[in-house]
Each structure stands twice: as C-alpha cells, then as structure tokens.
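Participant: Pasting a structure below so you can have a look.
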Ligand SMILES: C[S@@+](CC[C@H](N)C(=O)[O-])C[C@H]1O[C@@H](n2cnc3c(N)ncnc32)[C@H](O)[C@@H]1O
C-alpha cells in the first residue's frame, strides 16, 4: 500500500471516527481494505483511494471507516463488570428507583451486541421484578454493519462458546442449524441505534448506567476527555459508568470517582 | 490443586491438559468414566473435572450422575467438554449436575472463559 | 433445516482452522481415495448418516502433531489414529447438532479406504480441502432419510 494512500485513509478514519491508526498499522489497513476494494469493484486499494479522493463523503467513505473498526467482543466480557452489575449496582439502583420504576441503560460502542445482550440476560435472569418496570437498554455503535448483526440476535457456535454461561444458552437461545438465535423476549429489551461518539449525540434521556467499554482506547486524549465530559452530563447523579479493563477516567476527567466493586472499577459522578 | 480430564481421545486430553496445566493444576487423566472414578479415588484432592460425553465403558453423563450422587465429591466442579451440541443435550447435562458446558471445537480462550464463570481461579494469569 | 455443503465446510473450518490452526484451502476432489485412510462416525436418529473423513498418512501425522504439539515423527501409530478419530468425532457431532432433533453419535471407527463404497446415495455431500499440502476430504453419507427410500447397504462404520 502506498504511503500517500495510507495517509489519506488514516486522516479519513481519524476525522470520521477518531480512531488513531499508527503508521505501523499499515499492514492492518491493507489487509482490511483489500477485500473491501474487491467487493466494491476496484482493481486495487490505490484505485479505491483515488475514487475516495474525488468524491464527497458518502457511503463508500463510511464503509472504509467501518472496515477500520475493531469489533472484537464477547458475552460477559471480563465477567467482573457483570458481577458488579448483578450483585451491587442493579440492586442499589432498584432500591433507589422504587417509586419511579424506571431504568435507563446505555451501551455505547456495542459492536455485534454481546455486551447489551449480556446486560439484558442478567436482568431477565436475576431481576424478574423489573419486568413490570419501564426499563430501556439503548445500544449504539458507529458501524451500521455490526448493528445489523447485533439486531439479528443470531450468533454462530464460536460466539456462543465464548463466555456465555451454559444455563443462559439453554434458556435464552434457540438453535437454528449452524446458528443460535436469541429469543424474542431478550431481543425486545434492546433498542439498537447508530451513534458516532465524536459527532453530535441525538437527544437522549438521562442514564442510570452507561457501558462504554473498549472503545476509548482507540482515541487520543482530547477525544477521550470530550466523550467522558458528555457522558458525565448524561449520567444521573447516582448513575454508574463502566469502562473497559484497560481504560479509566484517571487524568482525563476528575469529575468521576472510581470505586472498586467485585474486583472491577466502576465510576460514579463526584458530588 | 488437581484436575481430572476424562476423554477417550488422548489427543483431546493433551489439548485440554495444555490449557489447564498453566493455571497451576496437576493433571490426572482417564479414558472413560470408570477410569475416571479410579482417578478420583486415587486423588481425593481433585477439584475440577473436564469430562467428555461419548466414551466407551461409562459415558460422561453417567459419570456425572455418579459423581453427583456421592457427597464426598460435592465440591468438585464439573465441566462437560463435548461434541454433543444440541440444546436438549446441554439441558440434560446441566440437570444432571455439570457446572458448565463447552462445545467442541473450542479454543483455549473459550475454555478459560468457562472456567472463569464457575470461579476456577487463574493464579498464574492475572 | 437443509444441511448443505457450505455448512459441512464451515464445520470443518471451525474444527481444523479455528481450533487447531491448520490452514484449509478449498480444492476440487481427487479420486485416489482408495489409498487413503478414513475415520468415520455414525449419526443415528430419524435421519441416519455417516460422516467420513479421509486423509493420507502424511496428513494424518501432521494433524496429530498439531494436536499433540509434538515433533515430526515422534508419535506412535496409535496416537496418530486417535487424533484423526477425534477430528471425525468433532465434525460428526457438529453435523448432528444442526439436525434439529436428538440423535446418537457412534464412537469413531478407523480403517483403510480400500473397500470404501464410492457411489454416494442421493443427498450425500462431499467436500475437499487442501491441508498441509494434502487433500482432506469429508463425506456426509446419507444412509436413510425419513422420506427417501432406503438406499443400498453401506459398510458398517
Ligand atoms: C472492540 S469493540 C467493543 C465492543 C464492546 N463494547 C466490548 O467491550 O466488548 C469497539 C467498537 O467501537 C466502535 N467504534 C469505534 N469508533 C467509534 C466511534 N467514533 N463512535 C462509536 N463507536 C465507535 C467500533 O465500531 C466497535 O464496534
């Protein structure tokens, strides 16, 4: 891949998603663009980039950006955050919201859906009393491709085999040939929407719980700060933020206080 | 810490051993359920058992049933690792008393995620 | 759900590539099966099928070396067979899993493909990959489908 083409793609991806592609990542860019170029009918990456250069931002540009996202995810990733949710965070919030009987949960950068579905199954399994509450789980991602897969609720055996407790497989999935289909009652709990974290966010209700895991790592400090600031504004004063294992608010936003629950860090707005 | 691997395939036992050993377990192996029981008797300190379903002599589900019928083995964690992948079979294994169920084929990471679910600690990982 | 060649390929890829890290490339089937070795498992339920996995002895050894993580030439005949049979077991079990109803899986059987019956009853599937430079063939032999009439006798697996 030619350096000028790499530079163009790096700038495009940075501008549209804030994802920073280091120069050493050029092999990665190449391996992801090659199939895309072929699919879109270009003879080479160079031809694809040439086309990008001469047209205004359109679907093709979005698909290039989407191809650069890392969508790696699994059910109950890292486990502890979901233990914290089940054992401490949800019981606490349910107690506090007893009269409003309302919960709002946002899963930003949800990829193919394993994270929001893990939250939904946790609620179904352990908090049946919430069935009569007004509970909404909003799940968003930049990539419309992963959202489409997430919405389908259909997973292959490799995805099902990772991190998902066997009792949940039996209870919440139907096998359909090679795939496993999440049952309707769990699917219905989630609303999937496209949302780019670095663009203006659509109006959203205040959140009780926000998951924004394993996405800030791709961004520069300034971008992380801006996103955390917006999350802070969206979070209810007694709400809770979950980040990925390699992420924290430290040195980025001191309006959050970190607490350790079930061997995982959760972040609450400082009063 | 002791773990027992019960599978009629030596190759499969080897693959499982290579994943579990680094967690700090000493490994005992058996080729079917009856041998599995002999190993349990020899090593009372076994706390984790990975067991296949289809095996000669005594299959995995009968083995699980027998282990769960013995109060001495109450604290043993049982993980079925099998190519039986129908949801009805998975449900039966759970009802019979397995703590987790892993479908073959799998990767080390998948087995480790299942072990994490049942609280098998990972001393050498962290 | 109709079981098709693509599903058979995907299962083989999951077993050999995702689990064992063996690279598979699709290739057109060869016809010197008689010189190969075969491990098979039988699936008995409403539907009766046999999954047969074919390889030559070099490929079998390569697969076993990966599974035992051992050096070239250091494994016994028995270990090599064992590893190959486990491949058939995994593929067969996963084929069975897609049938949508419970069925029984036999223990794997190993043998030479010499008197293997070449004509495949209707509805059977066959797929071949190149693996470690050698052909790896997987056949799903239909023995009796619920609706179809019973097709000739087959080598007992
Ligand atoms: C590694 S996945 C994390 C999935 C899940 N949260 C987890 O922890 O398993 C990262 C996701 O972030 C999304 N992403 C990257 N940049 C984004 C942006 N600017 N706005 C929204 N989502 C973005 C990607 O599309 C990808 O699905």
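The values are calculated or read from the model by the stated rules, or taken from the named source; none is laboratory data. Note that this is a predicted model, so its numbers are computed, not measured. Every residue, glycine as well, gets a Cβ built from its backbone with ideal geometry; the counts of neighbours run over all protein chains shown.
Participant: Mind listing whichever residues of segment A:85-123 are within 16 Å of residue A:153 (Cα to Cα), part of a helix (DSSP H, G or I) and touching a residue at least 60 places away in the same chain (Cβ under 8 Å)?
Facilitator: If the condition is that a residue be within 16 Å of residue A:153 (Cα to Cα), part of a helix (DSSP H, G or I) and touching a residue at least 60 places away in the same chain (Cβ under 8 Å), then A:115, A:116, A:117, A:119, A:120, A:121 are the ones that fit.
Participant: Which condition number does residue A:145 fail, the rest of (1) surrounded by fewer than 21 Cβ atoms within 10 Å (Cβ to Cβ); (2) under 28 Å from residue C:100 (Cβ atoms); (3) within 16 Å of the ligand (Cβ to nearest atom) being met?
Facilitator: Every condition holds for residue A:145 apart from (2).
Participant: Identify all residues within segment C:66-87 that are surrounded by fewer than 24 Cβ atoms within 10 Å (Cβ to Cβ) and closer than 28 Å to residue A:156 by Cα; write none if there are none.
Facilitator: C:66, C:68, C:69, C:85
Listed here are the residues, each with its yes/no results for (1) out of contact with any helix residue (DSSP H, G or I) (no Cβ under 8 Å at 6 or more places or on another chain); (2) under 24 Å from residue A:78 (Cβ atoms).
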{"site": "A:133", "(1), (2)": "yes, no"}
{"site": "A:144", "(1), (2)": "no, no"}
{"site": "A:150", "(1), (2)": "no, yes"}
{"site": "A:153", "(1), (2)": "no, yes"}
{"site": "A:157", "(1), (2)": "no, yes"}
{"site": "A:171", "(1), (2)": "no, yes"}
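Participant: Okay, next question. Please go through segment B:65-83 and give me each residue that is within 26 Å of residue A:162 (Cβ to Cβ) and crowded, with 22+ Cβ neighbours inside 10 Å, ordered by number.
Facilitator: Those that are within 26 Å of residue A:162 (Cβ to Cβ) and crowded, with 22+ Cβ neighbours inside 10 Å: B:78, B:79, B:80, B:81, B:82, B:83.
Participant: Would you mind finding the one in C:37, C:20, C:8 that is at pLDDT 90 or above, within 14 Å of chain B (Cβ to nearest Cβ) and under 22 Å from residue C:133 (Cβ atoms)?
Facilitator: Just one listed residue meets the conditions, C:20.
Participant: Same structure again: Can you give me the number of residues within segment B:7-46 that are away from every other protein chain (no Cβ under 14 Å), surrounded by 16 or more Cβ atoms within 10 Å (Cβ to Cβ) and assigned to a strand (DSSP E or B)?
Facilitator: Result for segment B:7-46: 4.
Participant: Moving on. So, in segment C:44-57, exactly how many residues are more than 18 Å from residue C:119 (Cα to Cα) and surrounded by fewer than 22 Cβ atoms within 10 Å (Cβ to Cβ)?
Facilitator: Kept after step one, since they are more than 18 Å from residue C:119 (Cα to Cα), are these residues of segment C:44-57: C:44-47, C:55-57.
Subset that is surrounded by fewer than 22 Cβ atoms within 10 Å (Cβ to Cβ): C:44-47, C:56-57.
Summing the residues that are more than 18 Å from residue C:119 (Cα to Cα) and surrounded by fewer than 22 Cβ atoms within 10 Å (Cβ to Cβ) in segment C:44-57 gives 6.
Participant: Within segment A:116-142, count every residue that is more than 14 Å from chain B (Cβ to nearest Cβ) and within 16 Å of the ligand (Cβ to nearest atom).
Facilitator: Qualifying residue count, segment A:116-142: 10.
Participant: For segment A:94-114, which residues satisfy the criterion of being closer than 28 Å to residue A:196 by Cα and more than 14 Å from every other protein chain (Cβ to nearest Cβ)?
Facilitator: Within segment A:94-114, A:102, A:103, A:104, A:105, A:106, A:107, A:108, A:109, A:110, A:111, A:112, A:113 meet the criteria.
Participant: Filtering segment A:94-115 down to residues that are surrounded by 20 or more Cβ atoms within 10 Å (Cβ to Cβ) and either outside the structural domain of residue A:134 (by TED's automatic domain parsing) or more than 12 Å from the ligand (Cβ to nearest atom) (or both), which residue is nearest to the chain's Cα centre (by Cα)?
Facilitator: Checking each candidate, the answer is A:105.
Participant: Among the residues of segment B:20-47, write down those that are under 13 Å from residue B:111 (Cα atoms) and either touching a strand residue (DSSP E or B) at 6+ places or on another chain (Cβ under 7 Å) or modelled with pLDDT of 95 or more (or both).
Facilitator: B:20, B:21
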